[in-house]
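Here you go, one structure.
The values are calculated or read from the model by the stated rules, or taken from the named source; none is laboratory data. Since the structure is predicted, the reported quantities are computational estimates derived from the model, not experimental observations. When we count neighbours, we look across all protein chains shown, and the Cβ atoms used for this are built from the backbone with ideal geometry, even at glycine.
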Amino acid sequence: MTTTYANIIDGQRDQEGDGFDVMNPSTGAVAGRAIGANEAALDRAVAAARRAFPGWAATPWADRQAACNRIAGLIGDHAAELAELLTAEQGKPLNGVGARFEIGGCQAWTSYTASLTLEPEVLQDNDEGRVELHRVPIGVVGAITPWNWPVLIGIWHIVPAILAGNCVIIKPSENTPLSTLRLVEIMQEALPPGVVQALASEGEIGRLMTAHEDIDKISFTGSIPTGSKVMESAAKTIKQVTLELGGNDPGIVLPDVDPKAIAEGLFWGCFINNGQTCAALKRLYVHDDVHDEVVEALAGVARAMPMGDGMDEDNVIGPIQNRDQYNIVKEFVQDALDKGAKAVCGGVPSGNDLFFPTTILTGVEPGMKLHDLEQFGPAIGITRWRDEDAVVELANDDKCGLGASVWSADPDRARKLADRISAGTVWINKHGMIQPNAPFGGVRKSGIGVQFGVEGLRECTNIKTIIR
Ligand code: NDP
């Protein structure tokens with residue numbers, strides 16, 4: 001029997017509207033159904049959030065912390081159910097760095113975030129007067145979240161916002177709405193009605209949210225073109241925005257590395273969540289001296305990783321989540337091969353399903369789509385380098401600037417090189433390893449603002465200054 005997951009408005013399941021099927025990308029079967037919210041449902045959700053806001057904003061910080069900790073506990077209680085639902089709609093395996101890992105991350109992120117505080121600051125206190133800086137909630141936050149890490153990214157948008165005293169309306173991707181709807185339903189046990197609502201939609205609600213007069217801020221994770229539209233639409237009602245957009249992260253491997261020692265770290269840097277990760281390694285620059293050994297070691301790891309239906313405990317890599325993304329990856333790989341790149345493993349698949357072989361191409365150069373654009377999938381292009389200044393220039397020559405990494409046996413050398421890379425985060429001897437206490441955001445077209453830690457929490461507040 002197919003389960004229908006309701007929207008959540010004012011603490012209640014809301015079933016008004018047409019249902020739509022959400023497909024399991026591994027099997028092509030229906031994973032479940034969601035209700036497509038219409039404009040009236042959005043208005044109801046916004047009204048509920050506005051009603052809840054004064055009370056929630058006035059709730060003592062410690063009580064909001066307790067509610068977030070209760071949410072962390074509820075996620076733990078429902079972890080198995082959420083992980084299975086996530087695997088069914090997203091495709092990522094239950095095992096490995098997959099669905100259980102994501103749900104575990106949700107619990108850990110929520111607990112850590114719940115421990116944060118934002119104390120008032122005294123900027124001046126002397127005979128001439130006293131200046132206090134307070135952080136106050138913004139109001140109603142609209143969160144628009146993607147299909148790659150839907151539950152974890154949902155938590156990143158919801159938890160700091162409600163801890164800071166805001167109310168939230170989350171709109172998950174139409175590709176993966178089910179786990180977010182269920183997550184928000186589960187959360188209701190810890191929250192007053194109206195503090196968090198969830199609306200699924202097959203189109204329009206995202207745009208209507210960004211234009212809504214009674215939503216005060218939009219936080220969006222997704223593509224650069226849609227991020228630009230979010231900003232444009234939010235400008236009309238002077239909404240704040242936090243945008244976490246795409247990346248085309250470079251990784252620079254120095255000649256002093258031990259190829260076998262770094263191979264597994266490189267693999268997960270490139271292929272975590274099948275490469276469908278904003279801060280995955282997407283351009284790999286390997287020094288000529290170690291190029292062949294690094295490529296062989298990386299390909300060795302890739303060949304040993306079982307791919308298939310994520311419900312099977314043996315698999316650690318799943319399908320690409322949707323056909324559009326599959327076609328992008330296929331096009332980029334074909335373009336690179338046509339322009340002279342060589343496939344060390346994988347290549348353009350001929351099957352009709354969404355399983356795309358883990359693909360490693362050498363001889364990838366600027367001018368190839370795989371180098372210049374974000375593939376957001378299981379294909380990495382490797383570029384050989386000899387000149388450090390030239391490779392740094394190449395790494396920085398991108399419209400995105402989310403993450404980057406430097407790989408070396410010499411931490412000081414790697415650290416110095418990190419200073420020359422222009423990105424929101426630079427990792428040393430790892431890639432994409434985000435953590436809840438480290439601010440995360442991009443430069444250039446990778447976004448505006450940061451998430452995580454105290455800096456991320458501050459983005460969920462307005463400054464209120466009291467002067468006497
Ligand atoms: P998009 O970036 O296009 O985002 C789709 C979401 O944006 C939907 O929820 C949609 O809601 C909403 N939306 C669309 N138009 C507007 C608007 N004008 N205002 C507000 N919201 C709007 O995602 P795709 O799934 O199409 O992915 C495209 C590319 O994005 C991928 O190829 C990948 O490169 C990148 N991506 C990046 C991610 C990241 O983590 N940074 C995650 C996922 C994808 P509605 O349907 O209601 O209109």
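Report, ordered by the first and then the second residue, all pairs with beta carbons closer than 9 Å, sequence separation of six or more or different chains, a first member in region 293-313 that is more than 29 Å from Ala31 (Cβ to Cβ) and among the basic types (Lys, Arg), and a second member that is part of a loop (DSSP other than H, G, I, E, B) and at pLDDT 95 or above.
Arg303/Thr358
I need every pair where a residue in region 19-30 that is among the acidic types (Asp, Glu) has its Cβ under 6 Å from the Cβ of a residue that is not in a loop (DSSP other than H, G, I, E, B), sequence separation at least 6 or different chains.
Close Cβ pairs satisfying both conditions: Asp21/Val30; Asp21/Arg33.
Please enumerate the residues belonging to region 349-364 that are without any contact (Cβ under 8 Å) to a residue 24 or more places away in the chain and either under 19 Å from Gln276 (Cα atoms) or under 23 Å from the mean Cα position of the chain (by Cα) (or both).
Of everything in region 349-364, just one residue is without any contact (Cβ under 8 Å) to a residue 24 or more places away in the chain and either under 19 Å from Gln276 (Cα atoms) or under 23 Å from the mean Cα position of the chain (by Cα) (or both), namely Pro349.
Also, I was wondering about something else. Restricting to region 171-208, what's the tally of residues that are part of a loop (DSSP other than H, G, I, E, B), over 18 Å from Ser233 (Cβ atoms) and aliphatic (A, V, I, L, M)?
2
Would you be able to say whether some residue in region 212-224 is within 12 Å of the ligand (Cβ to nearest atom), part of a helix (DSSP H, G or I) and crowded, with 22+ Cβ neighbours inside 10 Å? Step through it out loud before you land on a result.
Initial filter on region 212-224 (within 12 Å of the ligand (Cβ to nearest atom)): 212, 215, 218-224.
From what's left, part of a helix (DSSP H, G or I): 224.
Pick out the ones that are also crowded, with 22+ Cβ neighbours inside 10 Å and you get none.
No, region 212-224 contains no residue that is within 12 Å of the ligand (Cβ to nearest atom), part of a helix (DSSP H, G or I) and crowded, with 22+ Cβ neighbours inside 10 Å.
Do any residues in region 190-208 that are closer than 17 Å to Lys229 by Cβ have Cβ atoms under 7 Å from those of residues that are within 16 Å of the ligand (Cβ to nearest atom) and among the hydroxyl-bearing types (Ser, Thr, Tyr), where the two are at least six apart or on different chains, and which pairs are they?
Close Cβ pairs satisfying both conditions: Arg207/Ser233.
Output the residues belonging to region 134-170 that are free of Cβ contacts under 8 Å to residues at least 60 places away in the same chain and either within 10 Å of the ligand (Cβ to nearest atom) or under 24 Å from Ile238 (Cα atoms) (or both).
Answer for region 134-170, where residues must be free of Cβ contacts under 8 Å to residues at least 60 places away in the same chain and either within 10 Å of the ligand (Cβ to nearest atom) or under 24 Å from Ile238 (Cα atoms) (or both): Gly154, Ile158, Ile170.
Checking Glu264 against (1) over 30 Å from Val136 (Cα atoms); (2) part of a helix (DSSP H, G or I); (3) among the charged types (D, E, K, R); (4) near the ligand (Cβ under 9 Å from one of its atoms), which test does it fail?
Only one criterion is unmet by Glu264, namely (4).
Do we have Gly251 as in a strand (DSSP E or B) and either farther than 24 Å from Gly36 by Cα or more than 15 Å from the ligand (Cβ to nearest atom) (or both) here?
Working: in a strand (DSSP E or B): yes; either farther than 24 Å from Gly36 by Cα or more than 15 Å from the ligand (Cβ to nearest atom) (or both): yes.
When the stated conditions are applied, Gly251 passes them.
Working only within region 241-258, note down all residues that are surrounded by fewer than 24 Cβ atoms within 10 Å (Cβ to Cβ) and acidic (Asp, Glu).
Asp256, Asp258
Another question, then. Any residue in region 280-295 that is within 30 Å of Ile169 (Cα to Cα), at pLDDT 95 or above and buried (at least 23 other Cβ atoms within 10 Å of the Cβ)? Before you say what the answer is, go through the steps one by one.
Within region 280-295, the subset within 30 Å of Ile169 (Cα to Cα) is 280.
Now drop any that are not at pLDDT 95 or above, which leaves 280.
Cutting the leftovers down to buried (at least 23 other Cβ atoms within 10 Å of the Cβ) gives us 280.
Yes, some residue in region 280-295 is within 30 Å of Ile169 (Cα to Cα), at pLDDT 95 or above and buried (at least 23 other Cβ atoms within 10 Å of the Cβ).
Does region 295-304 include one or more residues that are under 19 Å from Lys92 (Cα atoms) and either within 16 Å of the ligand (Cβ to nearest atom) or not aliphatic (A, V, I, L, M) (or both)? Lay out the reasoning, then the answer.
To start, the set of residues in region 295-304 that are under 19 Å from Lys92 (Cα atoms) comprises 301-304.
Next, from what is left, pick out any that are either within 16 Å of the ligand (Cβ to nearest atom) or not aliphatic (A, V, I, L, M) (or both): 303.
Within region 295-304, one or more residues are under 19 Å from Lys92 (Cα atoms) and either within 16 Å of the ligand (Cβ to nearest atom) or not aliphatic (A, V, I, L, M) (or both).
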